[in-house]
1. I need the full set of residues from the stretch 179-209 which are open to solvent by 40 Å² or more (accessible area, probe 1.4 Å), in contact (Cβ under 8 Å) with a residue 40 or more places away in the chain and under 19 Å from the mean Cα position of the chain (by Cα), in order please.
2. Just to be sure I understand, how many residues within the stretch 319-339 are of a type outside the set (D, E, K, R) and either at pLDDT 95 or above or part of a strand (DSSP E or B) (or both)?
3. For the stretch 116-175, which strands (runs of 3 or more DSSP E) that fit wholly inside it have 2 or more residues that are within 28 Å of the chain's Cα centre (by Cα) and not small (Gly, Ala, Ser)?
4. When you scan the stretch 212-219, do you find a residue that is farther than 30 Å from Ser340 by Cβ, open to solvent by less than 60 Å² (accessible area, probe 1.4 Å) and either in contact (Cβ under 8 Å) with a residue 40 or more places away in the chain or touching a helix residue (DSSP H, G or I) at 6+ places or on another chain (Cβ under 6 Å) (or both), even just one?
5. Which one is surrounded by the most Cβ atoms within 10 Å (Cβ to Cβ), of the residues in the stretch 133-178 that are aliphatic (A, V, I, L, M) and over 30 Å from Ser299 (Cβ atoms)?
6. Going by what's in this entry, would Leu306 be described as in contact with a Pro (Cβ under 7 Å, 6 or more places away or on another chain), closer than 30 Å to Ala217 by Cα and either loosely packed, with under 12 Cβ neighbours inside 10 Å or modelled with pLDDT under 95 (or both)?
7. Of everything in the stretch 233-269, what is small (Gly, Ala, Ser) and either within 18 Å of the chain's Cα centre (by Cα) or under 30 Å from Pro291 (Cα atoms) (or both)? Give them in sequence order.
8. Give me the pairs, please: first residue somewhere in the stretch 118-131 and surrounded by 10 or more Cβ atoms within 10 Å (Cβ to Cβ), second residue anywhere and aliphatic (A, V, I, L, M) and part of a loop (DSSP other than H, G, I, E, B), beta-carbon distance under 8 Å, and either six or more positions apart or on two chains.
Amino acid sequence: MSNKQDINENNINETKELLIVGLKRLWQILSHNWQWKLFSVLLSIIFWGWLITENPDLTREKTFTEVNISIMGEEALKRNGLIVTNLAENLPALTLSAEVPQKMYDLASPSSYNVRIDLSRINKVGDQTIPVLYTNTSSYGKVTRLSQNEVTLHAEPYITRRRIPVQINQTGNVPSGFYASKPTVDPSTVTIAGPKSLVENVVRCVANYNLSLLTAAARNQFTAVSFTLYDYLDKPLESELIEVRSDSIPLDTLLVEQELYRLQAISINKSGIITGTPAEGYTVTDIKIDPSMLNVAGSNELMETLKLLDVETPVDISGATDTLIRNVAIKKPDEALHMSENAVYVTVTIEPVKKEESNK
C-alpha cells in the first residue's frame, strides 16, 4: 500500500513540476514577445464579445419612433355589415420600446413586433375602443412600452348600391382635321359600396373625358379615364371609403370608346346649280355660294373619292329680271357621317343684257 502511495505522490509532483516549467516558458515567451501579448489581448476581446452576443439573457433597450399601425380584419368587418369611417385620423404613429437580445439589436425594426389593430373585434355601430396589439418573440425580445395602447374608432353600416348610371363629361376639342363619333363608356353602370351616410347620397358617376388627349388618327380609340361620384346636390363626392366596382371587379378608371374620321372641306358643285333662263333681255352675270365649301367626315375611302357636293334642288331662274338669293339644300353623301351644314345660300346675279352684247 505504501509503495502505491509513494508512486502516486511522485506522479503528482512530476506533473506539478512540468506545469510550472510550461508556465514559466509561456511567460518567458509573452514577456519577451509583444506580438504574442497583443494577440492574447485581441483573442480575449473576441471571445468576450462572442459570449455576450450569444447569450440570450443579455439585452439592450431599443426605442423606435414613427411606428405605423397595420390594419387587420377589414374584410371580416365588412362581411358583418360594418365599416370604420375614421381610421385615417385615429391611427397615429407610435413610439415603441423593446428589450432586444444583444445578438439581434442591429437587426430589430418596428416590423419585428407587428404592431396592429384587429377591426373584426368591432361588433356594433358607433364609437368603440379596441386594443393595439403587438408580438413578442424570442428572437427580437419583448415590447416594454407603447405610447398608445388602444384606439377609439367609429363604425357605420356598410351598404351596397347597384346600377348607378355612368355619364360622360367631355372637355377639350377633337384633334384638328378629324370628326369624332358619339363616345360610349364601359361600364354604363357601376356598383358602389361603403358607409351608409355616403353611399345613400350618390346619384351618378361621371367619366372625365378630355377629347384633346385623343390621337390624331382616323380609327377606333379607347381611353382610360378617371371618374367622379356626384350627390343629390350635384356636388362631387370624393372618399376613399367608397368602393366602385363592376361585376365584383374594383374600378379605378372607366373605358371610353370613340371613333375618329377624316374631316375635309369639300366644294359645292356649281354645275347644275341653276335651271331655266332669265327673262328676255336679261342674263346671269355671276353665281356666288356661301359658304362655298362644307366640312364632310367619313371613311378614308369616301374622303379619297369625294370631290364635290351637289344641291338637292337647283335654283329656278326662269323669267327672272332681278338678282335671286335662295337657301339651297345640299345632298349629304350616303356614306358621310357628318356634314357641317345642310344648306347654303346661292346668289344668282341677273342683269340686263348690255346693248353692245345685244347688237352682236
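1. Asp186
2. 8
3. Where strands (runs of 3 or more DSSP E) fall fully within the stretch 116-175 and carry at least 2 residues being within 28 Å of the chain's Cα centre (by Cα) and not small (Gly, Ala, Ser), they are 116-118, 150-171.
4. So far as the stretch 212-219 goes, no, none of its residues is farther than 30 Å from Ser340 by Cβ, open to solvent by less than 60 Å² (accessible area, probe 1.4 Å) and either in contact (Cβ under 8 Å) with a residue 40 or more places away in the chain or touching a helix residue (DSSP H, G or I) at 6+ places or on another chain (Cβ under 6 Å) (or both).
5. Only one residue tops the list, namely Ala155.
6. In short, yes.
7. Residues satisfying the conditions are Ser239, Ser246, Ala265, Ser267.
8. Filtered contacts from the stretch 118-131: Gln128/Ile122; Ile130/Ile122.
The values are calculated or read from the model by the stated rules, or taken from the named source; none is laboratory data. All values reported here derive from a predicted model rather than from experimental measurement. Methodologically, a virtual Cβ is constructed for each residue, glycine included, from the backbone with ideal geometry; neighbour enumeration extends over all protein chains shown. Only protein heavy atoms, including side chains, enter the accessible area calculation; ligands, DNA and RNA are left aside. Shrake-Rupley method; radii C 1.70, N 1.55, O 1.52, S 1.80 Å.
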